[in-house]
1. Taking the Cα centre of the chain as origin, sum charge times position over the Cβ atoms of Lys and Arg (+1) and Asp and Glu (-1), and report the length of that vector in debye to the nearest 20.
2. For the chain, which whole-number percentage of the solvent-accessible area (1.4 Å probe, protein heavy atoms only) is attributable to carbon and sulfur atoms?
3. Could you work out the Rg to Rh ratio of the chain, with Rh taken as the Kirkwood radius (inverse of the mean 1/r over all Cα pairs)?
4. With labels modelled as points extended 7 Å from the Cα through the Cβ direction, what inter-label distance (nm, one decimal) is found for LYS66 paired with ASP38?
5. Return one whole number: the accessible area per residue of the stretch 13-89 in Å², for a 1.4 Å probe.
6. For SER22 and GLU101, what is the calculated FRET efficiency with R₀ set at 22 Å and r taken between the beta-carbons, to the nearest 0.05?
7. With +1 on each Lys and Arg Cβ and -1 on each Asp and Glu Cβ, how big is the dipole of the stretch 28-92 about its Cα centre, in debye rounded to the nearest 20?
8. How large is the helix-only mean residue ellipticity at 222 nm for the chain, computed as the sum of -39500 (n - 2.57) over DSSP H runs with n ≥ 4, divided by its residue count, in deg cm²/dmol to the nearest 500?
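The values are calculated or read from the model by the stated rules, or taken from the named source; none is laboratory data. Please read all numbers here as calculations on a predicted model, not as lab measurements. Using ideal geometry, Cβ is built from the backbone for each residue, glycine included, and neighbour counts are taken over all protein chains shown. Remember, those area values only see protein heavy atoms, side chains included, never the ligands or the DNA or RNA. Shrake-Rupley method; radii C 1.70, N 1.55, O 1.52, S 1.80 Å.
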Amino acid sequence: MYFKLSCVLVLATTVCALDFHSDEAAECATKHWSEIRDIVNPKISMMDKILPKAGVERVRKLLDGKDELPKDPPPRSWLGEAADAIPEGLMSMFGKKIIEECVDEMKHK
């Protein structure tokens with residue numbers, strides 16, 4: 001019973017996972033960039049404690065030595081690289097819900 005339930009949960013999270021490389025996710029991140037910046041910028045100084053070492057290095061490279069996200073929305077490729085640097089389980093700390101809700105609204109229009 002527990003095995004079946006865990007399999008269902010794994011499949012549900014895999015199927016329902018947000019594709020941060022999609023056009024919709026990029027459009028939503030761009031649309032809500034100031035909100036995402038407000039969530040992420042205070043966490044940048046703590047990223048050594050939050051992210052794995054490889055993720056920290058990738059984020060530092062993306063930020064080009066700065067201590068905050070770019071003021072203007074970056075290109076889609078940058079957004080995808082940033083999402084790849086952050087483990088899926090931690091994305092909720094970095095504005096995932098904003099993007100998920102926006103993508104969901106787009107799908108139901």
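1. Roughly 300 debye for the chain.
2. Roughly 58 percent of what the probe reaches on the chain is carbon or sulfur.
3. Radius of gyration relative to Kirkwood radius: 1.01.
4. If labels sit at LYS66 and ASP38, their model points lie 1.9 nm apart.
5. On a per-residue basis, 64 Å².
6. Plugging the Cβ-Cβ distance into 1/(1 + (r/R0)^6) gives 0.90.
7. 60
8. Counting only the DSSP helices, I get -19500 deg cm²/dmol.
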